[in-house]
1. Looking at the stretch 367-382, can you tell me whether even one residue there is in a helix (DSSP H, G or I), among the small types (Gly, Ala, Ser), in contact (Cβ under 8 Å) with a residue 24 or more places away in the chain and closer than 17 Å to His481 by Cβ?
2. Residue under question is Tyr389, and the condition is that it be touching a residue at least 40 places away in the same chain (Cβ under 8 Å), hydroxyl-bearing (Ser, Thr, Tyr) and over 19 Å from Arg523 (Cα atoms); does it hold?
3. Just the residues that are open to solvent by 30 Å² or more (accessible area, probe 1.4 Å) and over 23 Å from Tyr293 (Cα atoms), please, taken from the stretch 195-236.
4. If I filter the stretch 386-405 down to residues being surrounded by fewer than 19 Cβ atoms within 10 Å (Cβ to Cβ) and modelled with pLDDT of 95 or more, which single residue comes out as farthest from Ser306 (Cα to Cα)?
5. Would the stretch 504-523 turn up any residue that is aromatic (Phe, Trp, Tyr) and in contact with a His (Cβ under 8 Å, 6 or more places away or on another chain)?
6. Confirm whether Lys280 is touching a residue at least 24 places away in the same chain (Cβ under 8 Å), under 19 Å from Gln186 (Cα atoms), crowded, with 19+ Cβ neighbours inside 10 Å and over 15 Å from the mean Cα position of the chain (by Cα).
7. Pick out, from the stretch 39-148, the helices (runs of 4 or more DSSP H) lying fully within it that include 2 or more residues that are modelled with pLDDT of 70 or more and within 28 Å of the chain's Cα centre (by Cα).
8. Please enumerate the residues belonging to the stretch 203-239 that are within 24 Å of Ser477 (Cβ to Cβ) and either in contact with a Ser or Thr (Cβ under 9 Å, 6 or more places away or on another chain) or not in a loop (DSSP other than H, G, I, E, B) (or both).
Amino acid sequence: MKKLSERKKQWIERTVANDRSYKLYLYNRFFIFALLVLAQLVGYVFLLYAFAYDSQIGYAIQTAVGVLALIFVLTIINRYDRPSTKLNWILLILLIPIVGVPMYLLYGDGKQTCRMRKKIEKAKRENQAQFLEIYGEGTGFLPQTRGEAVSCYLTSYAGYPIYTDGEISYYKSGEELYPVMLEALQKAEKFILLEYFIIAGGKMWDSILKVLLQKAMQGVQVRIIYDDFGCMMTLPPDYDTYLESLHKNIKCLSFNPVVPVFTLRMNNRDHRKILVVDGKVAFTGGINLADEYVAQKVRFGYWKDSGVKITGNAVRSFTMMFFYLWNAFRKDKEALSAYLLPPSEIKSDTKDEEKQTQIHPYDDSPLDKQSVGATVYLDMIHRARDYVYIFTPYLILDDEMRAALMRAAMRGVDVRIVTPGIPDKKMVYRLTRANYEILMRVGVKIYEYTPGFIHSKSMVCDDECAVVGTINFDYRSLYLHFENAVYFSGCDAVMEVKRDCEETFAVSKLCTKENHKRGFFGRLGDSLLRLFETIF
């Protein structure tokens with residue numbers, strides 16, 4: 001890690017502190033990136049037009065693009081993939097091959113580079129070996145009960161055990177969860193792990209960073225991962241180096257650094273939100289480390305989010321998730337065993353032995369052929385008997401997820417989905433609304449959260465089970481990003497999620513066919529937008 005001069009450190013501090021005279025440099029980072037990418041596009045179009053003036057060269061280029069389009073279409077047809085995704089790419093490539101071919105090269109495969117995939121797979125194997133060495137084969141695993149195949153799937157394919165000890169607590173807003181997170185940080189004695197998509201200067205991050213520095217001075221090991229793209233507009237370059245310069249016990253990883261060129265690896269981001277303290281307590285949910293998530297800053301009305309606190313053995317899984325990425329991309333790798341508590345030190349907080357509490361943390365990676373997040377959602381929807389309640393900021397569905405929701409409604413399940421009343425991205429909001437009509441037609445109830453923007457990502461089903469995490473109901477979250485969540489049942493937290501849903505329905509607008517009528521051109525525009533739903 002390179003060293004920073006005192007002048008550079010002061011510049012970074014003032015930039016993150018929102019000093020207006022320095023903030024311009026932060027915005028310049030984004031604009032420079034955008035301009036360089038735009039220059040590549042302009043250069044690409046210019047070359048095509050330049051060659052087009054020469055009829056022979058122009059004809060050769062058109063022929064080459066046509067051949068490539070045909071090859072890609074045949075490749076897509078033979079891929080084991082979702083039919084809706086295949087159809088979107090085939091239409092785009094055949095209708096506009098000059099645009100469709102380059103876009104497919106950039107976005108189409110949805111996987112990282114081989115080198116990146118090998119790094120993570122190696123880190124997973126090494127960490128898994130250390131985990132088994134400490135806890136033994138099958139520790140924490142539970143046989144399938146009450147027909148809950150989700151748990152068997154997560155254990156067998158996702159590689160994460162299910163736990164029956166400890167507790168999970170649900171928090172319906174960021175301002176409720178934040179003091180609990182801060183209290184846990186202040187009690188840290190051994191280590192703190194933070195992994196977030198967005199970190200932004202402000203009251204929340206400033207107070208957290210103050211505690212992190214205090215703890216580092218007390219000998220606590222602090223490890224931080226943030227996504228470089230997610231923080232492009234909130235953190236300056238070299239912020240990871242700046243954090244490490246504060247104390248020797250603080251180490252930081254800027255995941256997948258942004259480069260101003262078209263590259264496939266830029267399509268996969270670390271969208272996870274994980275906080276682990278001493279291996280005894282973990283937090284996850286939709287809440288990033290920025291003021292709008294804890295009601296300290298107003299953006300798009302009231303920003304509603306949610307999260308969970310987990311104690312007991314299940315915290316191990318969050319520690320493993322963190323070090324999968326850490327050890328894959330840091331040269332100075334760390335032994336997972338140093339961050340896993342010995343079995344004798346882990347105490348259960350569960351006092352009611354009659355409860356069959358099940359806590360199952362898991363993550364999802366774009367590297368494998370398994371979409372863990374989508375599979376968990378689909379299984380819960382398919383098995384629902386009475387109701388399914390969903391919070392999501394974006395509703396961009398493929399055929400399989402759309403069909404599952406519709407079938408559930410048609411067999412009498414009360415399916416309710418809450419989306420934002422005030423959007424953060426206008427184009428994505430339009431695409432979200434394009435999914436309303438077909439769902440409402442079969443009885444799915446869709447609510448728009450009128451107080452503002454709902455960022456929660458959760459599902460609760462039949463008073464039995466729930467999921468809270470980082471996974472949106474959109475293509476990017478389900479298939480392109482690194483994500484995480486926790487599936488739980490047999491505990492009070494399930495009913496807390498349900499109560500939050502019922503309170504949210506009461507302050508949201510129920511959408512109907514009448515108040516969402518669209519004319520011919522509106523429907524046509526929505527149809528064209530769906531061509532790009534695998535990119536948004």
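1. Looking through the stretch 367-382, at least one residue is in a helix (DSSP H, G or I), among the small types (Gly, Ala, Ser), in contact (Cβ under 8 Å) with a residue 24 or more places away in the chain and closer than 17 Å to His481 by Cβ.
2. Considered against the rule, which asks whether it is touching a residue at least 40 places away in the same chain (Cβ under 8 Å), hydroxyl-bearing (Ser, Thr, Tyr) and over 19 Å from Arg523 (Cα atoms), Tyr389 comes out as yes.
3. Gln214, Met217, Gln218, Gly219, Gln221
4. Restricting to residues being surrounded by fewer than 19 Cβ atoms within 10 Å (Cβ to Cβ) and modelled with pLDDT of 95 or more, the top hit is Asp386.
5. no
6. In short, yes.
7. 83-95, 97-103, 114-135
8. Residues satisfying the conditions are Met204, Trp205, Ile224, Ile225, Tyr226, Asp227, Asp228, Cys231, Leu235.
The values are calculated or read from the model by the stated rules, or taken from the named source; none is laboratory data. Computed from a predicted model, the values in this text were never measured in an experiment. Glycine gets a Cβ as well: all are built from the backbone with ideal geometry, and neighbour counts include every protein chain shown. We work out accessible area using only protein heavy atoms, side chains counted, and drop any ligands, DNA or RNA first. Shrake-Rupley method; radii C 1.70, N 1.55, O 1.52, S 1.80 Å.
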